[in-house]
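As structure tokens, the structure follows; a few thoughts come after it.
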Amino acid sequence: MSEPGREPLRIGVLGAARITERALVDPARASGHRLVAVAARDRSRAEAFAAAHGVERVATSYADLIADPEIEAVYNPLANGLHGPWNLAAVAAGKHVLTEKPSASNAEEAAEVRKAAEKAGTVFMEGFHYLFHPLTLRLHEILASGELGELRRVETLVAIPAPDDSDPRWSLPLAGGAVMDLGCYSLHFARMLAPWAGGAPRLVSARGGERAAAPGVDEWLDAELEYPGGATASARCHMAYAELEMSCRIIGTRGEASAPNFVLPHLDDRVVVRTPEGERTERLGTRSSYTYQLEAFADRVREGTPLPLDADDAVATMTLIDACYRAAGFEVRPRMTAGR
């Protein structure tokens with residue numbers, strides 16, 4: 001629940017996306033925040049969503065929701081191509097924004113969102129929820145402790161079985177693709193290890209495969225990165241894999257630490273550490289990473305508590321995504337207008 005004496009966040013929801021229940025509805029219920037309104041292109045979908053999830057009212061359009069003076073924060077889980085336009089619209093209206101990743105279709109658009117957020121003075125956060133879970137924090141703690149020695153190699157694979165062919169994640173105009181949906185986690189995870197690797201990683205090479213029925217859209221992509229301190233990383237993603245796998249492995253000169261599912265630790269909260277002293281398994285808890293994320297976002301809005309994610313971080317991630325696409329022979333994702 002929200003802290004006694006502290007006002008709950010008043011949140012508006014753009015769209016009726018499936019992820020919203022897991023990423024916002026359940027965390028808001030657990031943390032005591034209000035879901036003030038929802039808007040969808042199909043009003044009946046918004047009405048059904050509001051009835052099912054306890055949203056207080058339905059707005060007639062995305063624009064009307066953003067203009068609502070009672071709403072102070074906007075959650076944006078729309079299709080990738082609509083993240084940038086509606087993030088821009090929300091911050092221009094003076095709203096705080098929690099957006100699903102990626103925050104924009106490309107780095108140029110992400111930079112425009114950053115500029116708008118700076119001008120508005122609002123909180124802007126991209127939803128890399130995994131970063132707030134104790135599992136990720138523990139991996140960082142183990143690396144910082146020196147138990148693994150110096151960082152030498154990072155390996156990540158974020159992969160899922162193929163969505164239906166009609167899924168917007170296969171749409172180039174909607175900024176779809178494996179890197180946008182999955183690989184962004186691998187790349188972001190690698191970026192977050194910069195403090196123990198002499199700085200941020202640079203792209204060395206990338207290769208990928210196109211979805212047969214979706215020209216220009218990546219079904220899979222493998223990227224190789226290098227840190228200033230000499231460590232290397234592989235960031236792999238696949239959106240038509242045999243099974244769900246979201247694993248990471250951190251290898252040092254004295255040992256390694258791995259997690260079977262760093263992206264969704266509520267499904268598997270294990271961290272396995274192997275050193276010359278032996279092997280151990282730690283369990284970090286199955287409380288949702290999305291709940292930790294919403295609490296951190298609320299703390300930033302209400303108390304000014306610093307966040308590890310902001311508009312600068314979003315631009316850095318999108319810059320690396322664009323570089324991966326170009327290196328693998330794909331075009332960067334196109335931009336869209338806000339539309340309705």
**Q.** Which listed residue, of V271, V263, is among the β-branched types (V, I, T), more than 15 Å from Y325 (Cα to Cα), part of a loop (DSSP other than H, G, I, E, B) and open to solvent by less than 50 Å² (accessible area, probe 1.4 Å)
**A.** V263
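How many residues are out of contact with any helix residue (DSSP H, G or I) (no Cβ under 7 Å at 6 or more places or on another chain) and touching a residue at least 60 places away in the same chain (Cβ under 8 Å) when one looks only at the range 304-325?
Qualifying residue count, the range 304-325: 3.
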Q) Is there a residue in the range 30-41 that is touching a residue at least 40 places away in the same chain (Cβ under 8 Å) and in contact with a Leu (Cβ under 7 Å, 6 or more places away or on another chain)? A) yes
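With respect to E256, is the statement that it is at pLDDT 95 or above, out of contact with any Lys or Arg (no Cβ under 8 Å at 6 or more places or on another chain) and among the acidic types (D, E) true?
no
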Q) Tally time: how many residues in the range 4-24 are surrounded by fewer than 21 Cβ atoms within 10 Å (Cβ to Cβ) and outside any strand (DSSP E or B)? A) 10
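Residue-wise test of (1) on the phi < 0 side of the Ramachandran plot; (2) among the polar types (S, T, N, Q); (3) open to solvent by less than 20 Å² (accessible area, probe 1.4 Å).
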{"position": "T253", "(1), (2), (3)": "yes, yes, no"}
{"position": "E256", "(1), (2), (3)": "yes, no, no"}
{"position": "G278", "(1), (2), (3)": "no, no, no"}
{"position": "Q293", "(1), (2), (3)": "yes, yes, yes"}
{"position": "E303", "(1), (2), (3)": "yes, no, no"}
Q) Taking the range 186-213, which residues are touching a Cys at 6+ places or on another chain (Cβ under 8 Å) and assigned to a helix (DSSP H, G or I)? A) S186, L187, F189
Q. In the range 181-198, is there at least one residue being open to solvent by 40 Å² or more (accessible area, probe 1.4 Å), in contact with a Lys or Arg (Cβ under 9 Å, 6 or more places away or on another chain) and at pLDDT 95 or above?
A. no
**Q.** Single residue of A327, A338, A314 found to be modelled with pLDDT of 95 or more and open to solvent by less than 40 Å² (accessible area, probe 1.4 Å)
**A.** A314
Q) Does V55 fit the bill of being open to solvent by less than 10 Å² (accessible area, probe 1.4 Å), modelled with pLDDT of 95 or more and not charged (D, E, K, R)? A) no
Q: Report yes if R41 is assigned to a helix (DSSP H, G or I) and of a type outside the set (F, W, Y), otherwise no.
A: no
(Q) Among the numbered criteria (1) out of contact with any strand residue (DSSP E or B) (no Cβ under 8 Å at 6 or more places or on another chain); (2) in contact (Cβ under 8 Å) with a residue 40 or more places away in the chain, which one does A117 miss? (A) (1)
Q: Could you run through the range 103-154 and say how many residues are closer than 18 Å to P308 by Cβ, within 19 Å of the chain's Cα centre (by Cα), among the small types (G, A, S) and not in a loop (DSSP other than H, G, I, E, B)?
A: 2
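The values are calculated or read from the model by the stated rules, or taken from the named source; none is laboratory data. From a predicted model like this one, the values you see are computed outputs, not experimental measurements. As a convention, Cβ positions derive from the backbone with ideal geometry for all residues, glycine included, and neighbour counts pool all protein chains shown. When the accessible area is computed, the model is the full protein with side chains, heavy atoms only, and any ligands, DNA or RNA have been set aside. Shrake-Rupley method; radii C 1.70, N 1.55, O 1.52, S 1.80 Å.
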